[in-house]
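Everything on this sheet refers to the single structure shown next.
The values are calculated or read from the model by the stated rules, or taken from the named source; none is laboratory data. Nothing here was measured: the structure is a model prediction, and the numbers come from that model. Note: ideal-geometry Cβ built from the backbone for every residue, glycine included; neighbour counts use all protein chains shown.
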Amino acid sequence: MSPGLAKHRRTLTVICVLWTLAVAVSQLRHGRYLRAERAARDWLMTNARAHASPQNPRLVYLGIDETTQTLETVFPDEVEKSRALQMMKRGFPWNREVYALIIDRLAQAGASAIVFDVLFPSPREGDEPLRAALERWPERVVFGINFKDRDEDADPDQVTVSHKGGLVMPTPALTPPAGRSWLGFVNMRPDDDLIVRRVRYRTTLPEFLGTPPMDNSEELLSLGARGLEKAGRAGQIPKTRAPVMIRFCAQIQPRPLQDIFVEAQWAAPPYEGGRFFRDKIVLIGAAGNESEDRLHTPFGTLLGPVIHLSAMNAALNDDFIRETTPWENVALILAAGLLAWLLGARVASRPLRLLLLALLLAAFYSGAQWLYNAAGLLPILLGPVLTLTGSGLTWTVFEQALDRREQQRVRRTLERYVSRDVVREILDNPTTFLNSLVGERRRITVLFSDIRSFTTMTESADPNALVTQLNEYFNDMVGIVFAHEGTLDKFIGDAVMAHWGSIVTAGVETDARRAVTTALEMRAALARLNAGWKVRGLPELAVGFGLNHGEAIVGNLGCEAKMEVSVLGDAVNLGSRIEGLTKEYGIDLCLGETVAPLVRDAFLLRSVDLILVKGKTQPVKVFTVLGPRDPATTEPPWLAGHEAAVRAYRAGDFTAAEKAWREVLAAQPGDALATIFLARCAELQSHPLGPVWTGVFKMPGK
């Protein structure tokens, strides 16, 4: 393993260890994290793939809702037939004889347990008939009792104080005698996030209030547990006094309580004269949104009777949920951290690694869902997911940053030797034509610049000083090329070759304008450099610039050992010839005739000559640039005279041309072009060339 790879493996290990430790410590200690973990487990219990506990057919829920209290859905003639309905019609809370009639009706129908999720803490009318019903059916009826803290308001006559709290008992007329019990506590203690996930089937008063039980503490059964006991199902009640997590049966629907007293309903299906209730556990409790007996659960807000029914349902179906222990949770988190490390260490491809990460997360969720659905085991969900995702993504981002840094380093290194545009294509678009030997025709604008008399300078200059000066020159010139989106092709000794439109293009006009702007800025930069070199005692440089536009072949040229992106074609060769014309005409910038129409609207152009360069059979119009054209620019008056002189010269009217150029020279003393053409006009007038005059000047060399 290379030192660099080993270092990166160490970084991966640190990332995975830190994520694993952070999540494991949070799992064991951090309250806010644990609430988030509970929420994730709640989702595991309630999502569309989660299995709810099926309602046991032995359970029946008779609901007391607003319609039960008002009997607005019961016909008056039915009310007249039933003593119970008549008393219910008088208003809620009912005369307690109603509850006695409910007990008699259901007990006679064969209900195995009649469970009232109702408290009877104070005396009321009808207690005697209710007591009589309890005496008739003591082994079938269950009433609710309530744990109450001492701090809560309570009538001392109604509260039996024990230890640090009390127990709200039924009124003495309804309290069972010694040796019998028809009472079950209704309290549900939520977790610290106020959500009920667990129920107690049995407890003592001190334990429920959070203190150790005393030796003589009486064990009390919950409302649901007492109902199971009355129904002969005591063996299915959990033996533990600790809270037990149950699989909820959240879809239990209440049946209207009043229906059991409506004779037409009682005789018809499903009741069939009471046979429906035979051997059933019937719970009577509040139903409807107006009830205050509502608790928050993972399934949303549920009525208290529904939770009691879910507790009985879980016991009947043996449908309890076991949560993974703290050490099992830590083991899952450690396994997730190890998987994240293996992914990072063994899978080099980031896309493949992210795909495998997603598959592992999906597999973990599916496994956790299966454990809950099939085995009743509720594992932690957030911890392993957070460890695996956090470690995997952190390592991927770290790798991405490393790659980016390395790419930037390679880019900077390559750009010292290769054009910036070429480097961009090689690194950012490796599938383009630059990675093959296949050429491509494109319309480009090419720029050549060359230092005058550089060979002579090398013969006498100090090598170190000359290289330093040349590097300063190249640094500024190349920076300008790059600033205007140009591609640096190569350095040819002291010459610079650049082009636009070869690798990236903004359109032929924009490419040409950027090339001309580059040449003008290079000229201005050279003036600044010369001023500085003069102060330092270094020789000043003179540079000529030539630009041409046309079709060229762009390709990746070279051999397997060394490749170079370059341009080939007549337009490129002509650009080099045009640069050489600057020496002939005493100017520093020349444009070919194909560039001029593309930039004429943006720059002030001046005609130079109609020239036949070596190797060409057709003459080329050459121009120079005076500067940018903008609304504030005014064309110099002498320029029109120069263009008129050029037209006269090419027409063979040398006298008129001479006159016009003398006026230009008067306006522009020392103008090189005017001086050259005045000398030509004088020569042509003294030695006429004959009747055939084309206005073409043939260059004697390259």
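A few comments on the model shown:
- Among the numbered conditions (1) modelled with pLDDT under 95; (2) in the same structural domain as ILE252 (by TED's automatic domain parsing), the only one that ALA113 does not meet is (1).
- Segment 177-191, subset within 52 Å of the chain's Cα centre (by Cα) and without any contact (Cβ under 8 Å) to a residue 60 or more places away in the chain, residue surrounded by the fewest Cβ atoms within 10 Å (Cβ to Cβ): ARG189
- Hits in segment 287-326 (condition: hydrophobic (A, V, I, L, M, F, W, C), within 15 Å of VAL196 (Cα to Cα) and not in a helix (DSSP H, G or I)): LEU295, PHE299, LEU302, LEU303, PHE320, ILE321
- Given (1) in contact with an Asp or Glu (Cβ under 9 Å, 6 or more places away or on another chain); (2) not assigned by TED's automatic domain parsing to the domain that holds THR518, number of the condition GLU643 does not satisfy: (1)
- Filter result for GLY285 (out of contact with any Asp or Glu (no Cβ under 9 Å at 6 or more places or on another chain) and either assigned by TED's automatic domain parsing to the domain that holds TYR33 or farther than 24 Å from ARG49 by Cα (or both)): no
- Within segment 181-199, if we keep just the residues that are in a loop (DSSP other than H, G, I, E, B) and in contact with a Pro (Cβ under 8 Å, 6 or more places away or on another chain), the residue that is farthest from ALA113 (Cα to Cα) turns out to be ILE195.
- Test: residue in segment 457-472 that is crowded, with 16+ Cβ neighbours inside 10 Å and hydroxyl-bearing (Ser, Thr, Tyr): no
- Selected residue (criterion: surrounded by the fewest Cβ atoms within 10 Å (Cβ to Cβ)) from residues of segment 76-119 that are in contact with a Gly (Cβ under 9 Å, 6 or more places away or on another chain) and among the aromatic types (Phe, Trp, Tyr): TRP94
- In segment 357-384, residue farthest from ARG41 (Cα to Cα) [restricted to those that are in a helix (DSSP H, G or I) and in contact with an Asp or Glu (Cβ under 9 Å, 6 or more places away or on another chain)]: GLY383
- Here segment 492-506 is the region considered, the condition is being hydrophobic (A, V, I, L, M, F, W, C) and closer than 13 Å to LEU447 by Cβ, and the residue that is surrounded by the fewest Cβ atoms within 10 Å (Cβ to Cβ) is ILE492.
- Condition broken by PHE147, with the remaining ones in (1) part of a strand (DSSP E or B); (2) aromatic (Phe, Trp, Tyr); (3) buried (at least 22 other Cβ atoms within 10 Å of the Cβ) satisfied: (3)
- GLU72 surrounded by fewer than 21 Cβ atoms within 10 Å (Cβ to Cβ) and in a loop (DSSP other than H, G, I, E, B): yes
- Among residues of segment 206-222, those that are out of contact with any Pro (no Cβ under 9 Å at 6 or more places or on another chain) and either surrounded by 22 or more Cβ atoms within 10 Å (Cβ to Cβ) or outside any loop (DSSP other than H, G, I, E, B) (or both), counted: 4
- Neighbours by Cβ (under 6 Å, 6+ apart or cross-chain): first from segment 489-500, farther than 10 Å from ILE451 by Cα and modelled with pLDDT of 90 or more; second aromatic (Phe, Trp, Tyr) and buried (at least 19 other Cβ atoms within 10 Å of the Cβ): MET497/PHE448
- Each residue in segment 442-479 was checked for being in contact with a strand residue (DSSP E or B) (Cβ under 8 Å, 6 or more places away or on another chain) and either more than 23 Å from ARG523 (Cβ to Cβ) or of a type in the set (Gly, Ala, Ser) (or both), and 3 of them qualify.
- Among (1) over 30 Å from ASP191 (Cα atoms); (2) at pLDDT below 95; (3) buried (at least 20 other Cβ atoms within 10 Å of the Cβ), the one test that VAL23 misses: (1)
- Applying the criterion of being of a type in the set (Lys, Arg) and surrounded by 16 or more Cβ atoms within 10 Å (Cβ to Cβ) to the residues of segment 622-658, the residue that is nearest to LEU605 (Cα to Cα) is ARG629.
- Every residue from segment 648-699 that is free of Cβ contacts under 8 Å to residues at least 40 places away in the same chain and assigned to a loop (DSSP other than H, G, I, E, B): ASP653, GLN668, PRO669, GLY670, ASP671, HIS687, PRO688, LEU689, GLY690, PRO691, VAL692
- Scanning segment 338-385 for residues that are in contact (Cβ under 8 Å) with a residue 40 or more places away in the chain and either within 14 Å of THR324 (Cα to Cα) or not assigned by TED's automatic domain parsing to the domain that holds GLU37 (or both) turns up ALA368, GLN369, TYR372, GLY376, LEU377, LEU378, PRO379, ILE380, LEU381, LEU382, GLY383, PRO384.
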